[in-house]
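The values are calculated or read from the model by the stated rules, or taken from the named source; none is laboratory data. No experiment lies behind these values; they were computed from the predicted model shown. Using ideal geometry, Cβ is built from the backbone for each residue, glycine included, and neighbour counts are taken over all protein chains shown.
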Amino acid sequence: MKNNALFLFIFCCDCATSPTVVFHGPIIYEGPLYGDFIVLFNKVENCMGKRVEWPYLVVTTEPFECFTILAYGCTPKGKIIVDAEKLIETKGALFSHESVHYILALTKGEDAHNNPLFETCGTISLNNFHL
């Protein structure tokens, strides 16, 4: 999981404020959490010992700009935006990583990649993750 953590830190827009997001490909899903996203979000909440309102989910087919950074994951206010290909490649860990950002932003936690919660909770994956 260490390799996934490094990958996620490099390609995540560390954005606690509400950034401008520019999409470069189609959005394939936009709406409430479902299926494996619910399972992962519950696992991250349990790992962090926090319960929060669920985010609005956006899944896209291409990396996108979050602020001006090309990213595979981003957490603008109330949303988690993730790239479908990287979700599959990381078995959902990209979503878990972004969930940590989302939960920390809502609970006023230290939302920086040096927070140990990114290593312990932000790398949770599912062997049979499905979109």
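Looking at this structure, is Tyr72 touching a Pro at 6+ places or on another chain (Cβ under 8 Å), surrounded by 13 or more Cβ atoms within 10 Å (Cβ to Cβ) and either on the phi < 0 side of the Ramachandran plot or among the basic types (Lys, Arg) (or both)?
Against the criterion (touching a Pro at 6+ places or on another chain (Cβ under 8 Å), surrounded by 13 or more Cβ atoms within 10 Å (Cβ to Cβ) and either on the phi < 0 side of the Ramachandran plot or among the basic types (Lys, Arg) (or both)), Tyr72 qualifies.
With respect to Phe7, determine if the residue is modelled with pLDDT under 95 and either over 25 Å from Lys108 (Cα atoms) or in a helix (DSSP H, G or I) (or both).
Numbers: modelled with pLDDT under 95: yes; either over 25 Å from Lys108 (Cα atoms) or in a helix (DSSP H, G or I) (or both): yes.
Taking the combined requirement at face value, the residue satisfies it.
Scan region 49-59 and give yes if some residue there is touching a His at 6+ places or on another chain (Cβ under 8 Å), modelled with pLDDT of 90 or more and surrounded by fewer than 15 Cβ atoms within 10 Å (Cβ to Cβ), otherwise no.
Checked against the condition, which is being touching a His at 6+ places or on another chain (Cβ under 8 Å), modelled with pLDDT of 90 or more and surrounded by fewer than 15 Cβ atoms within 10 Å (Cβ to Cβ), region 49-59 yields no hits at all.
Check region 33-41 and report whether any residue there is buried (at least 21 other Cβ atoms within 10 Å of the Cβ) and among the aliphatic types (A, V, I, L, M).
Yes; the residues of region 33-41 include at least one that is buried (at least 21 other Cβ atoms within 10 Å of the Cβ) and among the aliphatic types (A, V, I, L, M).
Go through region 20-53 and give me each residue that's in a loop (DSSP other than H, G, I, E, B) and basic (Lys, Arg). Don't jump to the end; show me each part of the working.
So in region 20-53, the residues in a loop (DSSP other than H, G, I, E, B) come out as 20, 24-26, 33-34, 49-53.
Result: Lys50, Arg51.
Just to be sure before I move on: is Gly49 among the small types (Gly, Ala, Ser) and either in contact with a Lys or Arg (Cβ under 7 Å, 6 or more places away or on another chain) or over 17 Å from His130 (Cβ atoms) (or both) in the structure I sent?
When the stated conditions are applied, Gly49 passes them.
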